Amino acid sequence: MRQAGRYLPEFRETRAAQDFFATCRSPKLCCELTLQPLRRFPLDAAIIFSDILVVPQALGMEVVMVPGKGPTFPEPLKEVEDLLKLRQKVDVTAELGYVFQAITLTRHSLEGKVPLIGFSGAPWTLMSYMIEGGGSTTMSKAKSWLYRHPEASHQLLRLLADVVTDYLVGQVAAGAQALQLFESHAGHLGPEQFQEFALPYIRDIARGVKSKLKAEALPLVPMIIFAKDAHYALGDLAQAGYEVVGLDWTIRPQEARAQTGKDVTLQGNLDPCALYAPKEKIGELVKKMLEGFGTQRYIANLGHGLYPDMNPEHVGAFVEAVHAHSRHINKHS
């Protein structure tokens, strides 16, 4: 899902030297952190080391990583008037060029061994961080905007969608060979709110990115949408213009396939906490997952990110089991 090697000792060693966002702004360090998991495991792709909150930074907001607390906005958006503080036009090359440089450097370093994935947060998820001022269990401040200030919410979401579109196009121009959009906070919205405040912008980003890639004669790379806990919207997400729909671990493979149809690729969805199990159990769970999804239009993955205290050997057991069971199923199908 996200390969960020928080579970690797070499990752922690590389990261210890400086501030999190300073690391994000160093193409050389981002390249090194992206490559670290690939040196250990036979992974099928690399995902660039970065963070979704570089987009609010590009809009002029300050974000700091507080140890033990996570990302924090010292001055979150509180009133509608605060939208005026944001940059209304963002030059993504000027503000986020360090990500593009990291992608180009990493793409060269990979030497074609595996494809490189770029990513961004989706508008609702970014908006919720910008208003909450960090993580939240309820997202009540951000959701209150949707009810109290629907027009201002759409104004902010539109601004974010435009920046994200340009940002993702810039990633492809820099060398990204696939793109993933993370709507990590989808589960805080009900079906109606998702339909109004999340889905239209998810669709617009896919349409906008593909249109601009075509206009700039850039490769039309596959796009992945991951909307965590948005089971009610899987049918809509399958029609939203993405080649792949990522799934969390709370839905059965057969149910997901029934909702999305046969034309979209599914990605997921082992519970990351399954990697705390003994290696033999991990193998059993992977086998069951692969049998549930089948071998066509499917990318085996976890249902969300890895946690820092996970044993790298168990991550290796997961990757090994995916390859072994895939070979077995393909041979006998």
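Kindly provide the set of residues from the range 108-118 that are loosely packed, with under 15 Cβ neighbours inside 10 Å and either at negative phi or part of a helix (DSSP H, G or I) (or both), ordered by number. Hits for the range 108-118 are His108, Lys113, Val114.
So is Ala258 without any contact (Cβ under 8 Å) to a residue 12 or more places away in the chain and within 28 Å of His325 (Cα to Cα) or not? Yes; evaluated as a whole, the condition is true for this residue. For Tyr201, are the conditions met, namely being assigned to a helix (DSSP H, G or I), hydroxyl-bearing (Ser, Thr, Tyr) and either open to solvent by 80 Å² or more (accessible area, probe 1.4 Å) or at pLDDT 95 or above (or both)? So Tyr201 passes the test. Where helices (runs of 4 or more DSSP H) sit wholly within the range 1-69, those with at least 3 residues that are more than 20 Å from Tyr307 (Cα to Cα) occupy 27-40, 54-58.
Per-residue answers, yes or no, for (1) part of a helix (DSSP H, G or I); (2) in contact with a His (Cβ under 6 Å, 6 or more places away or on another chain); (3) more than 17 Å from Asp162 (Cα to Cα); (4) open to solvent by 10 Å² or more (accessible area, probe 1.4 Å):
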| residue | (1), (2), (3), (4) |
| --- | --- |
| Pro74 | no, no, yes, yes |
| Lys78 | no, no, yes, yes |
| Thr93 | yes, no, no, yes |
| Tyr98 | yes, no, yes, yes |
| Thr106 | yes, no, yes, no |
| Ser120 | no, no, no, no |
| Tyr129 | yes, no, yes, yes |
| Thr137 | no, no, yes, yes |
| Tyr147 | yes, no, yes, yes |
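The rows are residues; the columns are (1) open to solvent by 60 Å² or more (accessible area, probe 1.4 Å); (2) in contact (Cβ under 8 Å) with a residue 60 or more places away in the chain; (3) touching a helix residue (DSSP H, G or I) at 6+ places or on another chain (Cβ under 8 Å).
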residue: Leu213; (1), (2), (3): no, no, yes
residue: Ala217; (1), (2), (3): yes, no, no
residue: Asp229; (1), (2), (3): yes, no, yes
residue: Glu243; (1), (2), (3): yes, no, no
residue: Val264; (1), (2), (3): no, no, yes
residue: Ala277; (1), (2), (3): no, no, yes
residue: Glu280; (1), (2), (3): yes, no, no
residue: Gly292; (1), (2), (3): no, no, yes
residue: Thr295; (1), (2), (3): no, no, yes
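From the list Ala256, Ala300, Ala321, the one residue that fits, being crowded, with 16+ Cβ neighbours inside 10 Å, farther than 24 Å from Gly5 by Cα and of a type in the set (Gly, Ala, Ser), is Ala256.
Exactly one residue out of Lys228, Lys262 is within 21 Å of the chain's Cα centre (by Cα), of a type outside the set (Gly, Ala, Ser) and within 27 Å of Leu189 (Cα to Cα): that is Lys228. Of all residues in the range 32-48, none satisfies being surrounded by 18 or more Cβ atoms within 10 Å (Cβ to Cβ), touching an Asp or Glu at 6+ places or on another chain (Cβ under 8 Å) and in contact (Cβ under 8 Å) with a residue 60 or more places away in the chain.
The values are calculated or read from the model by the stated rules, or taken from the named source; none is laboratory data. Just so you know, these numbers come straight off a predicted model, no measurement behind them. Neighbour counts run over all protein chains shown; Cβ positions are idealised from the backbone, glycine included. Surface accessibility is based on the protein's heavy atoms, side chains included, excluding ligands, DNA and RNA. Shrake-Rupley method; radii C 1.70, N 1.55, O 1.52, S 1.80 Å.
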